[in-house]
Amino acid sequence: MTKKILLISAFAVTAALYAQESDVIPTQEQMTGDFLVLNTQEYEGEKGLASIKPFTVSPAGEDSITVSGFYMTGCLSFKAKYDETNGKISIPAGIPIYNMETYMTYLYPWDAENEEVIMRPIEYKYVGNNTWECNTDLMLVAIYGEEMQATTFSNGSQIVRCNATSNNVSYVGAVGSQDGQIEYVESRRSYVTISGNIIDVYNILQVDQYGYGLRMSGTIDQAAGKAKFSYALTGYTNDGTYRILTGCEYNEETNMPTGVSYSGTSDYGMVYATIDLIEGKIIFDPMAIWVAEYTTDGNITVNDNLLFEFIKSVEVNYEVPLSTGIETPVVVDMQKEIERIDFYTVDGRKIKEPLDGMFVIKVTVYKDKSSKAEKMLFRRN
């Protein structure tokens, strides 16, 4: 069976709105742990997210950090300068990034107009919220003797610190085949942003052998504790077809998908999840990666008879902010006179009037300037 769905258009990478302490620049010692590089590329004049790559950072002494896994699985580690006064990360131009034994690959800033490398450091500027931005075109340059071959790394990118972990149980192979089904359990460091009712989860799954991750974008129904995510293009194949991730129906006995979710409805292919905004937990319904093809009218046709992978379960646990910029709760005398009551979203944005059934932080401010903050499900009288 084949069905058509409209592919989501390219999107720009946006800065995280969910992390806290946006004005605090990490020290060099704090520059350690798991990060993601989010690379955009331009296609027909529009920039969109092209790849997500997890990597690690550790302090290296003398105002430097060590970056490991920045390009792809198996790439070389390198040192970059880190200025803890402004948070700037400076990567030397022409840093060796991959050793193919017969040739080397280097990372350079790129002058697109003159099609040549730029001999100045690659700079990621700190923009707050554990996010760094580089607006320069970057190019991977392979050197074969005197021959140079350039491949786009990004037309702008961000570095973000991971704030979540994604765990999934998946299956490849068919029931009754020679090799049978192969179950694998995977855990990946991820990144979650929430702004109002918009949610993005980065690096939720690994989409190819190079270690690149997947982004899923959706909306939250706070009253129901549900989120709905769009299907996502995960890559290409050698025969010219595509790989697309959708929600799916499945057979509990065979442990195999039986088709794309919500067939015959406007939610065809969508992925539903439950979300706990207080605890920071997202549990996705089953998903599958299918063979797909573009059609001449710009749609994509999913063949749910041809399966790449069945993702039976995914759970994402993310860090709920310790601070929302709201005063911490204090013990108050019930006889105190109230000056006002303010409401905030769970990500710390002040709102005038909550929607019925919305999770909010209610802050009661008393005339003596003390206050009490509490998380609650807002209900109208």
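Whether any residue in the stretch 304-314 is open to solvent by less than 60 Å² (accessible area, probe 1.4 Å), under 30 Å from V260 (Cβ atoms), at pLDDT below 85 and among the polar types (S, T, N, Q) is what I want to check.
No, every residue in the stretch 304-314 fails to be open to solvent by less than 60 Å² (accessible area, probe 1.4 Å), under 30 Å from V260 (Cβ atoms), at pLDDT below 85 and among the polar types (S, T, N, Q).
List the residue pairs whose Cβ atoms are under 7 Å apart, where the first residue sits in the stretch 224-240 and is over 30 Å from R379 (Cα atoms), the second is open to solvent by 30 Å² or more (accessible area, probe 1.4 Å) and among the aliphatic types (A, V, I, L, M), and the two are 6 or more positions apart or on different chains.
Listed pairs, sorted by first residue: Y231/M270; L233/L7.
Restricted to the stretch 198-223, and to residues that are of a type in the set (A, V, I, L, M) and either touching a Leu at 6+ places or on another chain (Cβ under 7 Å) or free of Cβ contacts under 8 Å to residues at least 40 places away in the same chain (or both), which residue is most open to solvent (accessible area, probe 1.4 Å)?
Filtering first and then ranking leaves I198.
Looking only at the stretch 107-128, count how many residues are in a loop (DSSP other than H, G, I, E, B) and closer than 30 Å to P26 by Cα.
Looking only at that region, the number is 4.
Could you list, in sequence order, the residues of the stretch 61-96 that are among the small types (G, A, S), more than 21 Å from N203 (Cβ to Cβ), at pLDDT 95 or above and open to solvent by 20 Å² or more (accessible area, probe 1.4 Å)?
S90, A93
Would you check which residues across the stretch 1-57 are at pLDDT 85 or above, loosely packed, with under 15 Cβ neighbours inside 10 Å and not in a loop (DSSP other than H, G, I, E, B) and list them?
G33
Consider Y202 carefully, then state whether it is at pLDDT 95 or above and under 20 Å from F55 (Cα atoms).
Taking the combined requirement at face value, the residue satisfies it.
Would you please name the residue that is least open to solvent (accessible area, probe 1.4 Å), looking only at residues in the stretch 251-275 that are assigned to a loop (DSSP other than H, G, I, E, B), touching a residue at least 24 places away in the same chain (Cβ under 8 Å) and at positive phi?
Applying the filter and picking the extreme gives G269.
Counting only residues that are more than 19 Å from the chain's Cα centre (by Cα) and either under 10 Å from I244 (Cβ atoms) or in a strand (DSSP E or B) (or both), how many does the stretch 289-301 have?
So the answer is 8.
What is the number of the single condition among (1) touching a residue at least 60 places away in the same chain (Cβ under 8 Å); (2) in a loop (DSSP other than H, G, I, E, B) that N168 does not meet?
All conditions are met except number (2).
Does the stretch 140-160 contain any residue that is surrounded by fewer than 20 Cβ atoms within 10 Å (Cβ to Cβ) and modelled with pLDDT of 95 or more?
no
Kindly check whether there is at least one residue in the stretch 221-237 that is in a strand (DSSP E or B), touching a Ser or Thr at 6+ places or on another chain (Cβ under 6 Å) and farther than 26 Å from L355 by Cβ.
Looking through the stretch 221-237, none of the residues is in a strand (DSSP E or B), touching a Ser or Thr at 6+ places or on another chain (Cβ under 6 Å) and farther than 26 Å from L355 by Cβ.
Of all residues in the stretch 224-248, which are surrounded by fewer than 23 Cβ atoms within 10 Å (Cβ to Cβ), among the β-branched types (V, I, T) and in contact with a strand residue (DSSP E or B) (Cβ under 6 Å, 6 or more places away or on another chain)?
T234, T241, listed by residue number.
Taking the stretch 233-250 only, how many residues are at positive phi and under 18 Å from the mean Cα position of the chain (by Cα)?
Number satisfying all stated conditions: 1.
Condition first: polar (S, T, N, Q) and within 24 Å of the chain's Cα centre (by Cα). Now tell me which residues in the stretch 47-104 satisfy that.
Of everything in the stretch 47-104, those that are polar (S, T, N, Q) and within 24 Å of the chain's Cα centre (by Cα) turn out to be S51, T56, S58, T66, S68, T73, S77, S90.
In the stretch 137-151, what count of residues is obtained for those that are out of contact with any Phe, Trp or Tyr (no Cβ under 7 Å at 6 or more places or on another chain), in a loop (DSSP other than H, G, I, E, B) and over 14 Å from M100 (Cα atoms)?
1
The values are calculated or read from the model by the stated rules, or taken from the named source; none is laboratory data. Owing to the predicted nature of the structure, the values given are computational and were not obtained by experimental measurement. When we count neighbours, we look across all protein chains shown, and the Cβ atoms used for this are built from the backbone with ideal geometry, even at glycine. Accessible surface is based on the protein model in full, side chains and every heavy atom, while ligands, DNA and RNA are left aside. Shrake-Rupley method; radii C 1.70, N 1.55, O 1.52, S 1.80 Å.
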